[in-house]
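Only one structure is covered here, and it is reproduced in the block below.
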Amino acid sequence: MNTMKQFPKTVLVLGLARSGTAAARVLLDGGKDVTVNDQAASYDDDSVQELQRKGAHLVLGSHPLSVLGGIEVVVKNPGIRYDHPIIAEAIRRNIPVITEVELVSYLTQQPVIGITGSNGKTTTTTLITEMLKYSDCNVKLAGNIGIAATEVAQTMQADEKMVIELSSFQLQGISEFRPTTAVLLNIFEAHLDYHGDLESYVNAKCNIFKNQQADDYLVYNADDSTLKERVTHTNAKKIPFSVTKNLQQEGAWANETHVCFFDEAIIALEDIVLVGKHNLENILAAVAAAKLNGATNEGIQHVLRTFSGVKHRLEFVGMIQDRYVYNDSKATNILATQKALDSFKKGIVLLAGGLDRGNEFDELIPHLKNVKAMVVFGETASKLERIGREAGVQVIKHAEGVDDAAKIGFALTVAGDILLLSPACASWDQYKTFEERGDIFVQAVHTIN
């Protein structure tokens, strides 16, 4: 049921890109008075012209505070920080500031499965979606994984569920949004340049369950001490998952041979294609959420026997001249690279580097024991070289970019080695997105003779 009539009439959409454009479209279609403010967009952009034809008031090229005149609510692009002058002034004026995902609550009343966490969101979201699809459940995928939630919510049918990947940026800007099944994978220090401190980041992540009710489910990582403490405040039914504990009376877990849900063995570990302990955590979370939403064991088994990973997340590119090549460009923080390195025991040639956010990389040192060589690039190249030297990595080379790094790194491998792109950094110093960085790497390795 669409309840957009209850949404405020005058709206400022701050920042376009994918989510802002989608939000503006939905609001205009709902009869709202929409002002669009974006510094980078051009009046010649097709999407901007479309919004203008629909009746949007356009303010492009700058961010004047006058755009807040008469505004009842601001819908901001998730990437815009809360210290942005427009946002800070809106908050000072007590104008609510939300993100696009909040509109889902006004567009559909169908079940929503929301997934968040510091790492593993995309893999878990994809697993849940595929498990439900192969169980003949009707699902639609949305959110941070690449499809604006509002676009999907508008098309939801009575028998469908939405599976949505959620970032902390999106979750910080919700008020009424409520997933019927929330999945909280893990909490690690991340995005502090955006949130300001760890407490604010944790609070944003935990917003995923703040509106849940007694008939909803919260799937959470029982091995994460921060989450165990925070979920005591939920109204939802708690379903834990663990790679270390027997949860046959409570949730999803793994013994020496099988993945289990409560007291039921779902699939043998040896039949699962995905590698790594972190992926086992993702699998347990996905099994729990999928089972709670009608997935069959057969559907779950099919996915886990065939799914080898999402693009750019420890993606197996293939065997090239007897080398194992992996694209983990989505590893934009230290933890993700730690998990990638811990997934292998053979000789690793690590390609890493990118945007310098001011942090050091000492936490990587214990995880470099199986790394025989490193190729570093981007703003953090010297920092990564330092920790490589401290870890005892014998060969460390510098590269101009990821395409150059692929060729230099491949030359350092022998048959049976692993060439691993796992940058531990965001891509924005050299590339628009981690997807672009990963695609360039894949293209480069396929040109090696």
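The values are calculated or read from the model by the stated rules, or taken from the named source; none is laboratory data. Just so it is clear, the model here is predicted, and its values are computed rather than measured. Because the Cβ atoms are built from the backbone with ideal geometry, glycine has one as well, and the counts that use them run over all protein chains shown. Only protein heavy atoms, including side chains, enter the accessible area calculation; ligands, DNA and RNA are left aside. Shrake-Rupley method; radii C 1.70, N 1.55, O 1.52, S 1.80 Å.
Here are some notes:
- Qualifying residue in the stretch 16-30 (condition: in contact (Cβ under 8 Å) with a residue 60 or more places away in the chain, part of a helix (DSSP H, G or I) and on the phi > 0 side of the Ramachandran plot): yes
- Lys407 outside any strand (DSSP E or B) and either touching a Phe, Trp or Tyr at 6+ places or on another chain (Cβ under 8 Å) or among the basic types (Lys, Arg) (or both): yes
Okay, residues lined up against (1) over 22 Å from the mean Cα position of the chain (by Cα); (2) hydrophobic (A, V, I, L, M, F, W, C):
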residue: Ala236; (1), (2): yes, yes
residue: Ile239; (1), (2): no, yes
residue: Gly251; (1), (2): yes, no
residue: Ala286; (1), (2): no, yes
residue: Gly299; (1), (2): yes, no
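- Screening Ala415 on (1) surrounded by fewer than 17 Cβ atoms within 10 Å (Cβ to Cβ); (2) within 27 Å of the chain's Cα centre (by Cα); (3) in contact (Cβ under 8 Å) with a residue 60 or more places away in the chain shows it passes everything except condition (2).
- Test: Gly438 is over 18 Å from Lys346 (Cα atoms), of a type outside the set (A, V, I, L, M) and crowded, with 20+ Cβ neighbours inside 10 Å: yes
- Considering the conditions (1) under 21 Å from the mean Cα position of the chain (by Cα); (2) surrounded by fewer than 19 Cβ atoms within 10 Å (Cβ to Cβ), Val303 is excluded by exactly one of them, (2).
- Among the residues making up the stretch 211-226, those that are in contact with a helix residue (DSSP H, G or I) (Cβ under 6 Å, 6 or more places away or on another chain) and open to solvent by less than 20 Å² (accessible area, probe 1.4 Å) are Leu218, Val219, Asn221.
- Among the residues of the stretch 94-109, those identified as at pLDDT below 95, surrounded by fewer than 22 Cβ atoms within 10 Å (Cβ to Cβ) and among the polar types (S, T, N, Q) are Ser105, Gln109.
Per-residue answers, yes or no, for (1) in a loop (DSSP other than H, G, I, E, B); (2) over 28 Å from Asp224 (Cβ atoms):
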| residue | (1), (2) |
| --- | --- |
| Ile98 | no, no |
| Asn119 | yes, no |
| Asp136 | yes, yes |
| Val183 | no, no |
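- Matching entry among Leu16, Leu12 (being under 25 Å from Ile147 (Cβ atoms), at pLDDT 95 or above and open to solvent by less than 40 Å² (accessible area, probe 1.4 Å)): Leu12
- From the options Glu256, Glu250, Glu264, Glu229, residue that is over 20 Å from Tyr217 (Cβ atoms), surrounded by fewer than 21 Cβ atoms within 10 Å (Cβ to Cβ) and charged (D, E, K, R): Glu256
- Boolean, Lys407 is over 15 Å from Asp356 (Cα atoms) and surrounded by fewer than 17 Cβ atoms within 10 Å (Cβ to Cβ): yes
- Near pairs, Cβ below 6 angstrom, 6+ apart or cross-chain, from the stretch 116-139 (closer than 21 Å to Phe177 by Cβ) to any residue that is open to solvent by 30 Å² or more (accessible area, probe 1.4 Å) and among the hydrophobic types (A, V, I, L, M, F, W, C): Ser118/Phe188; Thr122/Ile145; Thr125/Ile145; Thr129/Leu141
- Restricting attention to the stretch 375-395, the residues that are open to solvent by 10 Å² or more (accessible area, probe 1.4 Å), within 19 Å of Gly358 (Cβ to Cβ) and of a type in the set (S, T, N, Q) add up to 1.
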